[in-house]
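Structure record follows, encoded as structure tokens.
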Amino acid sequence: MLLRHLTPPRSIAQAVRLALFGLALASGPGVALLPAQAMAQSQVSYQIPAGPLGPALTQFGVQSGVTISFDTEQTRRLATDGLRGSYSIEEGLQHLLVNSGLLAQRQANGGYVLIPASNGSALELGATNIDDRGLGSLTEGTGSYTTASTRSGTKLVLSLRETPQSVTVVTRQRMDDQNLQKLEDVATYPPGLTLRKTGGERPEFYSRGTAIDTIMIDGLPVAYDSDTLGTSTLAMYDHVEVVRGASGLMVGAGNPSGTLNLVRKRPTLEPRLSLSGSVGTWDDYRGEVDVSGKLSGSGDLRGRVVGAYQDRNSFVDAYENKRQLFYGVSEYDLTDSTTLTLGAWYNREDNPGADWNGLPARPDGSFFDFSRSARTAPDWTYWDKENRSAFAEIEQRFDNDWKLRVNATWLRGDMEMLGGSLYTDENSDYHLNIGRYTYQHTQKSVDTYASGPFSLFGATHELVVGASWRRDETNDGPGGPGIDSDVIVDPQHFDPNAYPNPEIDNNWSRHGHEQQSSTYATVRLNLRDDLRLILGSRLDWYEYEQSTQSGAYSFGDDYKATREYTPYAGVVYDLDDTYSVYTSWTRIFKPQAAQDAGGSLLEPVTGTNYEAGIKGEYFGGALNASAALFQSSSG
């Protein structure tokens, strides 16, 4: 029995109606009331997802058969990591109310009433900080190396154990403990994720044999462009989620590799101020400031500002870096059930002395005996990136535990480079190649979805239905090679100061766009208490157009895909309260410009991932373990 989201009666009539409502519940057919003490100590198995605290308490009352009375104002802006496993009523309430500032006080009739923790009675709660914003629990302040929930695999709020794919989370605590400052630092830790660099400023990430060409920022897909996108400062992110295997349900078109979801920090209700700085070898100086708190007396307006700056030299000759980041975000509760989020960030990375393609090898593939500080590019080269972004989110929560969310983002990446690289001719002589290029990529993305529970065949299930649109516009150039810059050099004795800065033949430019519109749906069916089936579908409309001018030549390949269907299926079976086994089938597509003999575009290449594994959850979810077998194929 449950009195859900009740406001304390403000009149005798209201009090009478509440009393009659409770009496009607108590006298309903098939309801057996246990003594209060027996009910409080009996063990019940719960499956309550992470999310807003109010709906979680509602589900707890339904599953436990106990009355929980509270005012919606008490739980506004509060969230929980959910509850999974067998607990007594009091143990379950302790987990749900951790760090909420509320206590559950047992009444004489066996029910519970929420009261402020300052009253100093009822259940004593722990001190773990839990805060959920819809894309999974934020990890900052928890001291944890894991998270209670994520949306990165299916758009459903699921724990790592409940997600039928290989997922790894690098939390804020781990980033701080291990000094992970760049995305490429993070990439060295998750299993199955590898890093490749085609030049000093172009990190590329690979998973299961192919490159990750689409990442997500707070769940919104963004084309990963290593040329223009700066990822050398992670100060504004709470954690990074790594999903391995085809992720077409989440990103649409791409490689069957996986994706990274970078989850931003959010404003906090309590005031916070963090200042940090470091000094290292090679004149490495770094500072960071992070300020957060409420901006109004009631706390309905909250804000956060993060700034970071780094200036360092390097052991590599004539190479240095300057990084700067500014991030601001605000949240405003328009009503008790509506929250608006607005934010923006600016990131700049200046890299004087950056190389174009790294150190060369000998013509037979063997390595030169280079010193640690060697470089084979002139000292006047550079590779600079500048990113600007603005985003907006609005979330509407409904009384039936459903919510509607609309996200939009705008991201512009600019790159300017002047580079030098070496290549060999038919005589195995090494030539110095010079080029200067400017890139500008502008991405716009909008996503809207509704999610919530529904009842079918006596069980509660979850559903997500949504649509998205994104466009990536390319406006590159002018640029081109150096005039008369083809010089024969000796890599083993390369002098960065020996070559003059040449004139550039600006004969190159590129214009184009990539656009994708999608609809999708995901459902989790609770077939039994220990068996869940996840099904997903996505329909995409995709087009790509590009035009490139190089000297007297003009070329470009255009292609598109219409109503491309992407399925998703996964099954999770709980062996017990600790272990689950799962299997999943995921797909993704990638359009191609190749044509058949009749001149028609070939069908998009399809990537498929089959996976089966076992996952374990220990110490209430504080420790996660998994093992998986997978097979990836393309065709």
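The values are calculated or read from the model by the stated rules, or taken from the named source; none is laboratory data. It should be emphasised that the depicted structure is a prediction, and the values quoted were computed from it without experimental measurement. Methodologically, a virtual Cβ is constructed for each residue, glycine included, from the backbone with ideal geometry; neighbour enumeration extends over all protein chains shown.
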Inset, instruction - Look through Gly365, Gly307, Gly328 and report the one residue that is assigned by TED's automatic domain parsing to the domain that holds Ala390 and over 30 Å from Arg77 (Cβ atoms). - result: Gly365
Legend entry - Candidate set: the stretch 464-476, residues that are under 20 Å from the mean Cα position of the chain (by Cα), surrounded by fewer than 17 Cβ atoms within 10 Å (Cβ to Cβ) and not small (Gly, Ala, Ser); chosen: the one farthest from Thr442 (Cα to Cα): Val465
Inset, instruction - Only residues that are basic (Lys, Arg), in contact with a Ser or Thr (Cβ under 6 Å, 6 or more places away or on another chain) and closer than 26 Å to Arg323 by Cβ: list them for the stretch 386-439, please. - result: Arg412
Inset, instruction - Please indicate, with yes or no, whether at least one residue in the stretch 367-384 is within 27 Å of the chain's Cα centre (by Cα) and of a type in the set (D, E, K, R). - result: yes
Inset, instruction - Looking at (1) within 19 Å of Ile534 (Cβ to Cβ); (2) surrounded by fewer than 19 Cβ atoms within 10 Å (Cβ to Cβ); (3) in contact with a Lys or Arg (Cβ under 9 Å, 6 or more places away or on another chain); (4) free of Cβ contacts under 8 Å to residues at least 60 places away in the same chain, find the lone condition where Val571 falls short. - result: (4)
Inset, instruction - Give the residues of the stretch 210-224 that are in contact (Cβ under 8 Å) with a residue 60 or more places away in the chain and not aliphatic (A, V, I, L, M), sorted by residue number. - result: Thr210, Asp218, Gly219, Pro221
Inset, instruction - Could you tell me whether the stretch 572-586 includes any residue that is closer than 15 Å to Ala253 by Cβ and hydrophobic (A, V, I, L, M, F, W, C)? - result: no
Inset, instruction - Report yes if some residue within the stretch 484-494 is loosely packed, with under 14 Cβ neighbours inside 10 Å, modelled with pLDDT under 90 and either touching a Pro at 6+ places or on another chain (Cβ under 6 Å) or on the phi > 0 side of the Ramachandran plot (or both); otherwise report no. - result: yes
Inset, instruction - Give just the number: which of (1) modelled with pLDDT of 95 or more; (2) hydroxyl-bearing (Ser, Thr, Tyr); (3) crowded, with 16+ Cβ neighbours inside 10 Å does Tyr285 not satisfy? - result: (3)
Inset, instruction - Being of a type in the set (Phe, Trp, Tyr), surrounded by fewer than 19 Cβ atoms within 10 Å (Cβ to Cβ) and under 17 Å from Asn497 (Cα atoms) is the filter here, so list the residues in the stretch 300-321 that pass it. - result: Phe315
Inset, instruction - Search the stretch 427-441 for residues that are in contact (Cβ under 8 Å) with a residue 12 or more places away in the chain and pair each with any residue that is in a strand (DSSP E or B) and aromatic (Phe, Trp, Tyr) when their beta-carbon atoms are under 7 Å apart and the residues are at least 6 apart or on different chains. - result: His431/Tyr423; Asn433/Tyr423
Legend entry - Pick from the stretch 149-159, criterion part of a loop (DSSP other than H, G, I, E, B) and under 14 Å from the mean Cα position of the chain (by Cα), ranking: surrounded by the fewest Cβ atoms within 10 Å (Cβ to Cβ): Leu156
Inset, instruction - May I ask you to list the residues in the stretch 404-421 that are surrounded by fewer than 20 Cβ atoms within 10 Å (Cβ to Cβ) and either of a type in the set (Ser, Thr, Tyr) or modelled with pLDDT under 95 (or both)? - result: Ser421
Inset, instruction - Starting from the stretch 490-510, keep only residues that are farther than 24 Å from Ala361 by Cα, then list their pairs with residues that are part of a loop (DSSP other than H, G, I, E, B) and modelled with pLDDT of 90 or more whose Cβ atoms are within a distance under 8 Å, requiring at least 6 positions of separation or different chains. - result: Asn501/Pro378; Asn501/Trp380
Inset, instruction - Answer with yes or no whether Thr233 is surrounded by 23 or more Cβ atoms within 10 Å (Cβ to Cβ), among the β-branched types (Val, Ile, Thr) and touching a helix residue (DSSP H, G or I) at 6+ places or on another chain (Cβ under 8 Å). - result: no
Legend entry - Looking only at the stretch 87-109, and only at residues there that are among the hydrophobic types (A, V, I, L, M, F, W, C) and part of a helix (DSSP H, G or I), the one that is surrounded by the most Cβ atoms within 10 Å (Cβ to Cβ): Leu93
Inset, instruction - Look at the stretch 215-234 and say how many of its residues are over 15 Å from the mean Cα position of the chain (by Cα) and of a type outside the set (S, T, N, Q). - result: 4
